[in-house]
Ligand SMILES: Cc1cc2nc3c(=O)[nH]c(=O)nc-3n(C[C@H](O)[C@H](O)[C@H](O)COP(=O)(O)OP(=O)(O)OC[C@H]3O[C@@H](n4cnc5c(N)ncnc54)[C@H](O)[C@@H]3O)c2cc1C
Ligand code: SF4
């Protein structure tokens, strides 16, 4: 039987778009499925969340706390609503994969990382484009004698600092899976983007025959596409659903990089929504699993992220022009899992924040709070859902009962779900889950990375495409 396509790729995020693009450039005919809409800039961030975040941003994990986990559902996947920050995968992790995962070619992987870096046109944020929120944090760190604060590398070309990266970049300057990979690939004529279509089931190849993809269209129409290979790139929260249906034991090993941010109120005007929200970062030399990165949401999103209610919330919202914020994430020791009792689109997530991660979270909030107070903040607001979360002096910060903080009190979020079909556990170094069925998205990342993961995921996808083309690309 003649295949409908050489490959069917499910998902247009970091993994799916990059794999599809390189396969198409190598001459393969590729169908790309994407159930989410094409994103257009929205003047109101809440609207962008409703339209382009999966489940309108309400996906969450349950365990020893409530842990929201954000992913995109739009052309370009989560990259369309991400901050654009680029970090290479940690050297220690890549060395470990080379040692422990048979067939993992670290040299080829590193070359793919550099390929991604070039394709995304990665550049360091210029100081003048970093918002005042970041500048104030850097000022506080300097006063405390903490060194190592630096501007981050980001995927962009012509970023004007409009401050809305996570709600669809208004200028199109941010390089996404759509702009950097999918759109150029569409120009080859080898890619058919099936917008509004989703994967329903992946069918492994039998006895050297074709693999298949059962797909559903926007009006409920159903088809089965035959192909040499079906590539699952639906993201760490959805891909395990399809893997389990073909007998693979996916869904465990979920890491999320628990993340939170501290708000600080200044007398001076901050207008933190101007400039690149995630412009700067630093590491804590005594806690290398903790990574600090800028985070600031536009005013209309503030009520959803400030851990207060009633009069106290109103006071922070009314003073939002004088508010700064900065975030941090943890390379998690804790693990979770994902199940799908009602289908691929409704992940049921379990996640347990490990005690050591809880301690790192409190260390992170203390560090940011101390820096903002040193920079002159009148008050800081800790990401804790408890009444004593506003602190006015370094002395009060030191006197705070950190040991009493429980996981359930944290206002945290996971922006980087990874590992639910880990390389070396569920898939081998060829990223094959079954004959003719491959995986390339965040689910294959074998461990908590501790760095923002898009570059790593893109690199896995480029490697898969090269292998499927038989080394031709
Ligand atoms: C707010 C936010 C900010 C972030 N900032 C950064 C950052 O600055 N730097 C960084 O490195 N990372 C960042 N990330 C994370 C990063 O963007 C993601 O880890 C990465 O995009 C994940 O790639 P993926 O291919 O695994 O999945 P995704 O990019 O999530 O793509 C999965 C795609 O599959 C589609 N899909 C789902 N179900 C189906 C189906 N049944 N059939 C077909 N398609 C389907 C989805 O609609 C989606 O388009 C951020 C994440 C968030 C939420
Ligand atoms: S800061 Fe503005 S221009 Fe730059 S990527 Fe973000 S939204 Fe786009």
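Structure above, values below:
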{"quantity": "Elements of type helices (runs of 4 or more DSSP H) in the stretch 76-187, at least 3 residues being away from ligand 1 (no atom under 16 Å from the Cβ) and in the same structural domain as residue 278 (by TED's automatic domain parsing)", "calculated": "132-144"}
{"quantity": "Which listed residue, of 51, 23, 33, is buried (at least 18 other Cβ atoms within 10 Å of the Cβ) and assigned to a strand (DSSP E or B)", "calculated": "33"}
{"quantity": "Residue match in the stretch 203-219 (condition: within 14 Å of ligand 1 (Cβ to nearest atom), in contact with a helix residue (DSSP H, G or I) (Cβ under 9 Å, 6 or more places away or on another chain) and either modelled with pLDDT of 95 or more or not assigned by TED's automatic domain parsing to the domain that holds residue 82 (or both))", "calculated": "no"}
{"quantity": "Matching entry among 427, 380, 437 (being surrounded by 24 or more Cβ atoms within 10 Å (Cβ to Cβ), away from ligand 1 (no atom under 13 Å from the Cβ) and under 23 Å from the mean Cα position of the chain (by Cα))", "calculated": "427"}
{"quantity": "Some residue of the stretch 61-73 being in contact (Cβ under 8 Å) with a residue 40 or more places away in the chain and farther than 30 Å from residue 335 by Cα", "calculated": "no"}
{"quantity": "Complete set of residues in the stretch 224-257 that are in contact with a strand residue (DSSP E or B) (Cβ under 6 Å, 6 or more places away or on another chain) and more than 13 Å from ligand 1 (Cβ to nearest atom)", "calculated": "224, 226, 227, 228, 229, 246, 248, 251, 252"}
{"quantity": "Residue in the stretch 282-298 that is part of a helix (DSSP H, G or I) and touching a helix residue (DSSP H, G or I) at 6+ places or on another chain (Cβ under 7 Å) present", "calculated": "no"}
{"quantity": "Positions within the stretch 383-415 being in contact (Cβ under 8 Å) with a residue 60 or more places away in the chain, in contact with a helix residue (DSSP H, G or I) (Cβ under 7 Å, 6 or more places away or on another chain) and surrounded by fewer than 18 Cβ atoms within 10 Å (Cβ to Cβ), in sequence order", "calculated": "385"}
{"quantity": "Search result, residues across the stretch 315-331 that are out of contact with any helix residue (DSSP H, G or I) (no Cβ under 9 Å at 6 or more places or on another chain) and farther than 21 Å from residue 135 by Cα", "calculated": "315, 318"}
{"quantity": "Among residues of the stretch 309-339, those that are surrounded by fewer than 21 Cβ atoms within 10 Å (Cβ to Cβ), assigned to a loop (DSSP other than H, G, I, E, B) and touching a strand residue (DSSP E or B) at 6+ places or on another chain (Cβ under 7 Å), counted", "calculated": "2"}
{"quantity": "Single residue of 158, 163 found to be within 16 Å of ligand 2 (Cβ to nearest atom) and free of Cβ contacts under 8 Å to residues at least 60 places away in the same chain", "calculated": "158"}
{"quantity": "Single residue of 201, 271 found to be in contact (Cβ under 8 Å) with a residue 24 or more places away in the chain, within 16 Å of ligand 2 (Cβ to nearest atom) and within 27 Å of the chain's Cα centre (by Cα)", "calculated": "271"}
{"quantity": "Residue within the stretch 274-282 that is over 17 Å from the mean Cα position of the chain (by Cα) and without any contact (Cβ under 8 Å) to a residue 40 or more places away in the chain present", "calculated": "no"}
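The values are calculated or read from the model by the stated rules, or taken from the named source; none is laboratory data. Because the structure is predicted, anything quoted here is derived from the model rather than measured. Glycine also receives a Cβ, built like all others from the backbone with ideal geometry; neighbour counts cover every protein chain displayed.
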